[in-house]
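Okay, here's the structure, questions in a sec.
The values are calculated or read from the model by the stated rules, or taken from the named source; none is laboratory data. Fair warning: this is a prediction, and the values are worked out from it, not measured in the lab. A quick note on method: Cβ atoms are made from the backbone with ideal geometry, for glycine too, and the neighbour counts reach across all protein chains shown.
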Amino acid sequence: MKVLVTGAAGFIGQKLVSALIADPLYTDITITDIILPKTPRSPEEKPVTAVLSNLATQADREMLVTKDLDVIFILHGIMSGMAEKNFESGMMVNFDSTRGLLECARKRRWHESRNKLFIGAQVVPGIKVVFASSLAVFGGTLPDEVTERTMPTPSTSYGMQKMLCEYLINDYSRRGYIDGRTLRFPTVVVRPGAPSGAASSFVSGIIREPLNNLPSVLPVSRDMSLWVSSPRTVVSNILHAVNVPAEQLGEMRQINLPGITVTVKEMLEALGAVGGEERVELVKEQKDETVQRIVGSWPARFRIERAMDLGFVGDGGFAQVVKEYIEDEGILV
Ligand SMILES: NC(=O)c1ccc[n+]([C@@H]2O[C@H](COP(=O)([O-])OP(=O)(O)OC[C@H]3O[C@@H](n4cnc5c(N)ncnc54)[C@H](O)[C@@H]3O)[C@@H](O)[C@H]2O)c1
């Protein structure tokens, strides 16, 4: 398969690229980002082409969406906190550029072939698109457990931008322009490296910084519940999404990915149990009402029957998430 990964220099992008390189299904990989993405080291001999792009520009989108692509993984974006601070950037990167990519995919495979592309008697389906959406499409007053049938009422501009893309993907898929799969990620923890522009950045920070013997700020209350998943699980689920038959998805391309419901208190307990109690002491409370409002508006409990029926996988528990991070980053505890 020939694939394009956007946002490939990012947290999940880099991990996905490593997984694509290791998977024999993927033979030709193009990775792109506004920062030139690194090609993760791997023993496999595979052509990986790294391209610098600004997907807010039409020329870069057209350069990247070639009609021989089998799958586009759309991962680029501006995170929740930044999109809330800068409405125009959020619209341009999270919505306009995604719409532009979908339009390129439509035109390449559909319009340019006079609306029908046949091999023998079979209509060739549109390019598969796996889109990184978010639990942030939900907000405000929610039922105790959220399902794909729960009306998204986002309470952030980021969530609204993701929701708009989701609706485009449903309609483009219904019309056969693309074959879309929208994955609503839980908050993905633990993110290595520097804090991100996400309002939920602290969720990784309160584990990552103490494990590196650094202080960390907790901007929300300890009883806040969150819906989280590990990067390993999310990457497995992204790869799985490609293989789910379109007929099983039907008209609704959104899937709420599995996650774990965990309170901040339980997260810190897992940090203490896995990394040592002295690490927990490094986390200091310093309330940030904006972060509390944004992250507190996201649901923490989902029913995930649809995802499980479609073969997606879940995490073992939060202590396991912390252990995986320690293993992946080679941290000594
Ligand atoms: N990490 C999470 O917890 C989480 C949760 C829910 C949804 N998501 C979604 O998953 C996707 C990946 O998340 P992540 O944590 O890896 O984010 P990230 O911020 O690490 O990566 C996003 C990448 O997009 C790139 N980008 C931004 N503007 C661009 C532009 N104009 N052109 C090209 N590239 C551009 C950035 O340079 C960055 O490398 C995002 O769409 C995000 O909204 C992430």
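Could you list all residues from the range 278-333 that are in contact with an Asp or Glu (Cβ under 6 Å, 6 or more places away or on another chain) and farther than 25 Å from residue 80 by Cα?
306
Hand me the list of helices (runs of 4 or more DSSP H) wholly inside the range 255-297 holding 3 or more residues that are crowded, with 20+ Cβ neighbours inside 10 Å.
Values: elements: 264-275, 277-280, 289-296.
Qualifying helices (runs of 4 or more DSSP H): 264-275, 289-296.
For residue 246, indicate whether it is farther than 22 Å from residue 299 by Cβ, free of Cβ contacts under 8 Å to residues at least 24 places away in the same chain and not aromatic (Phe, Trp, Tyr).
On the way: farther than 22 Å from residue 299 by Cβ: yes; free of Cβ contacts under 8 Å to residues at least 24 places away in the same chain: no; not aromatic (Phe, Trp, Tyr): yes.
No, not satisfied.
Which numbered condition in (1) surrounded by fewer than 16 Cβ atoms within 10 Å (Cβ to Cβ); (2) modelled with pLDDT of 90 or more; (3) not in a helix (DSSP H, G or I) is the only one that residue 55 fails?
Exception for residue 55: condition (1).
Which pairs do you get when a residue that is free of Cβ contacts under 8 Å to residues at least 40 places away in the same chain, found in the range 149-170, comes within reach of a residue that is part of a helix (DSSP H, G or I) and among the aliphatic types (A, V, I, L, M), reach meaning Cβ atoms under 6 angstrom, with the pair 6+ apart or on two chains?
Short answer, once both residue conditions are applied: 152/137; 152/163; 154/137; 154/160; 154/163; 163/137.
Which of the residues belonging to the range 199-242 are in a helix (DSSP H, G or I) and either free of Cβ contacts under 8 Å to residues at least 24 places away in the same chain or more than 24 Å from residue 183 (Cα to Cα) (or both)?
Within the range 199-242, the first condition is being in a helix (DSSP H, G or I), and the residues that meet it are 201-211, 231-242.
Listed by number, the residues that qualify are 204, 205, 206, 207, 208, 209, 210, 211.
Could I ask something else about it? For a quick check of your reading of the model, give me the residue pairs whose first member lies in the range 96-122 and is among the polar types (S, T, N, Q), whose second is modelled with pLDDT of 95 or more and within 16 Å of the ligand (Cβ to nearest atom), with beta-carbon atoms closer than 8 Å and at least 6 apart or on different chains.
Here the result reads 97/55; 97/56; 97/61; 97/76; 98/74; 98/131; 98/165; 98/168, each pair linking the range 96-122 to a residue that is modelled with pLDDT of 95 or more and within 16 Å of the ligand (Cβ to nearest atom).
Scan the range 198-221 residue by residue and report those that are among the aliphatic types (A, V, I, L, M), out of contact with any Asp or Glu (no Cβ under 9 Å at 6 or more places or on another chain) and surrounded by 22 or more Cβ atoms within 10 Å (Cβ to Cβ). Show your work before the answer.
First pass over the range 198-221, keeping only residues among the aliphatic types (A, V, I, L, M): 198-199, 203, 206-207, 211, 214, 217-218, 220.
Right, trim to out of contact with any Asp or Glu (no Cβ under 9 Å at 6 or more places or on another chain) and you get 198, 203, 206-207, 214.
Result: 198, 203, 206, 207.
Consider residue 95 carefully, then state whether it is among the aromatic types (Phe, Trp, Tyr) and in a helix (DSSP H, G or I). Break it down into steps so the answer makes sense when it comes.
Numbers: among the aromatic types (Phe, Trp, Tyr): yes; in a helix (DSSP H, G or I): yes.
In short, yes.
If a residue must be within 16 Å of residue 2 (Cα to Cα) and either of a type in the set (A, V, I, L, M) or within 11 Å of the ligand (Cβ to nearest atom) (or both), how many such residues does the range 20-66 contain?
13
Has the range 19-31 got at least one residue that is within 22 Å of residue 158 (Cβ to Cβ) and surrounded by 16 or more Cβ atoms within 10 Å (Cβ to Cβ)? Explain how you work it out, then say what you get.
Restricting attention to the range 19-31, the residues satisfying the condition of being within 22 Å of residue 158 (Cβ to Cβ) are none.
Looking through the range 19-31, none of the residues is within 22 Å of residue 158 (Cβ to Cβ) and surrounded by 16 or more Cβ atoms within 10 Å (Cβ to Cβ).
Among residues belonging to the range 161-192 that are part of a loop (DSSP other than H, G, I, E, B) and near the ligand (Cβ under 9 Å from one of its atoms), point out the one that is surrounded by the fewest Cβ atoms within 10 Å (Cβ to Cβ). Please lay out each step first, then the result.
Here is the first cut: in the range 161-192, the residues part of a loop (DSSP other than H, G, I, E, B) are 175-177, 186, 189-192.
Remaining after also requiring near the ligand (Cβ under 9 Å from one of its atoms): 186, 189, 191.
Numbers: 186: 27, 189: 27, 191: 22.
Only one residue fits best here, namely 191.
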